[in-house]
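Shown next, in structure tokens, is the structure this report addresses.
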Ligand code: HAM
């Protein structure tokens, strides 16, 4: 039997995992500065949560969920995104009762969508996302967008395009909805069956259809921006002003419709321009979802957030040839010659690790030369050599790899010797 990894998933091996750790560390640090706290919700939820939260006319819910029945005959779903889970947790744990509001949260974790895998589109992918619940102030819209843009900027990505739109409040959306129905209804039989059922349920979704995207009625469909009422217009203007003041460049795209149902007012996506990307150029997306918490049984609560996948981010970094400052150096490699020395090497490694050094040694009875090679491969800063002579004297030879300098050091002084060397050389 020859086992293969499931389609649309990947192993992240040493050598690559350091990139993941680095960008995840960057995300955590950014969230610390913006005062977003981490939340960890389960990988699976009751299916109903996503039907309600994400919306049962969306592709995600209709075609892409990993849904299964557990042994207790409950319908569960591997989370396709994080927002519905965060909203559920916010309600269930009554986070709205905390004195510090809004509730600013972030998450980093795997999401699952049964999509046709291609570069940048996986069936399991990791999202970094933030959600701010409890404020309907445009400053938080700008803050969330700024956080997303800063994340990419600090990692060195270029040629980013921030696209924003307003989907309006309920009143504006209803007016737009009616206009869309009037627009599509006379010729709805020319559209796919999904769009036909979307017409009444959620005509906005038609604009996001992949099958009918070239139909002539798509280009002439009424744009939401023409249906914004005064309140929504003022709100959108404030968001734009805040972004302008922060010198975050953006373009307004009245056709930006997000793929999930919970959005209203601000919606945005960050795209990347340039060669090396196939059809997928969206790096992240988000927006405001003022009705979601109520929809899933909580108090009326405004919210806004975004999510990006680490997979697409790493692709973008690769395409732009950006190397991250990753140091994989080992502090010490302990080389032992002979059986007794090997025992001493294990003990010395143990002590060095206890003292805080990263340290490794040979476990395969390799010759001296091969052990030196291993030290090189690990980019060891120091090699600690124990031969028979040293063993008798209770010493080791320490070689500093960068300079070639060698010194015999008593074992009991080894950690303090290395500590001092590290400090003075700035290793
Ligand atoms: P979304 O647009 O469905 O929004 O996904 C956000 C990001 O997740 C995408 O821009 C992309 O980077 C990444 N992504 C989505 N699907 C895949 C995939 N199959 N493979 C790789 N990456 C993928 C949401 O998920 C919302 N929950 C975002 C949000 C948070 N809105 C408000 N708060």
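Residues are listed down the side, and each one gets a yes or a no for (1) crowded, with 18+ Cβ neighbours inside 10 Å; (2) closer than 18 Å to residue 343 by Cα:
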| position | (1), (2) |
| --- | --- |
| 366 | no, yes |
| 371 | yes, yes |
| 377 | no, no |
| 382 | yes, no |
| 394 | no, yes |
| 416 | no, no |
Inspect the stretch 162-176 for any residue being in contact with a helix residue (DSSP H, G or I) (Cβ under 6 Å, 6 or more places away or on another chain) and over 21 Å from residue 224 (Cα atoms) and give the result as yes or no. no
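Please pick out the residue among 230, 216 that is without any contact (Cβ under 8 Å) to a residue 12 or more places away in the chain, farther than 28 Å from residue 133 by Cα and out of contact with any strand residue (DSSP E or B) (no Cβ under 7 Å at 6 or more places or on another chain). First the steps, then the outcome.
Values: 230 fails: farther than 28 Å from residue 133 by Cα.
Of 230, 216, the one residue that is without any contact (Cβ under 8 Å) to a residue 12 or more places away in the chain, farther than 28 Å from residue 133 by Cα and out of contact with any strand residue (DSSP E or B) (no Cβ under 7 Å at 6 or more places or on another chain) is 216.
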Could you figure out which of (1) within 16 Å of the ligand (Cβ to nearest atom); (2) touching a helix residue (DSSP H, G or I) at 6+ places or on another chain (Cβ under 9 Å); (3) in a loop (DSSP other than H, G, I, E, B) isn't true of residue 116? (2)
Residue 199 versus (1) in the same structural domain as residue 264 (by TED's automatic domain parsing); (2) touching a helix residue (DSSP H, G or I) at 6+ places or on another chain (Cβ under 6 Å); (3) free of Cβ contacts under 8 Å to residues at least 24 places away in the same chain: which is the lone unmet condition? (1)
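Matching residues to (1) in contact with a strand residue (DSSP E or B) (Cβ under 8 Å, 6 or more places away or on another chain); (2) in the same structural domain as residue 145 (by TED's automatic domain parsing):
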{"position": "261", "(1), (2)": "no, yes"}
{"position": "274", "(1), (2)": "no, yes"}
{"position": "282", "(1), (2)": "yes, yes"}
{"position": "288", "(1), (2)": "yes, yes"}
{"position": "303", "(1), (2)": "yes, yes"}
{"position": "310", "(1), (2)": "yes, yes"}
{"position": "313", "(1), (2)": "yes, yes"}
{"position": "325", "(1), (2)": "no, no"}
{"position": "336", "(1), (2)": "yes, no"}
Return only the number of the condition from (1) surrounded by fewer than 17 Cβ atoms within 10 Å (Cβ to Cβ); (2) over 20 Å from the mean Cα position of the chain (by Cα); (3) modelled with pLDDT under 95 that residue 15 does not satisfy. (2)
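In the stretch 276-367, which strands (runs of 3 or more DSSP E) lie fully inside it and hold 1 or more residues that are within 16 Å of the ligand (Cβ to nearest atom)? Full working, then the answer.
Working: elements: 282-288, 303-309, 332-336, 359-361.
Qualifying strands (runs of 3 or more DSSP E): 282-288, 303-309.
The values are calculated or read from the model by the stated rules, or taken from the named source; none is laboratory data. As the structure is a prediction and not an experimental result, all values here were calculated from the model. With ideal geometry, Cβ positions are generated from the backbone for all residues, glycine too; neighbour counts draw on all protein chains shown.
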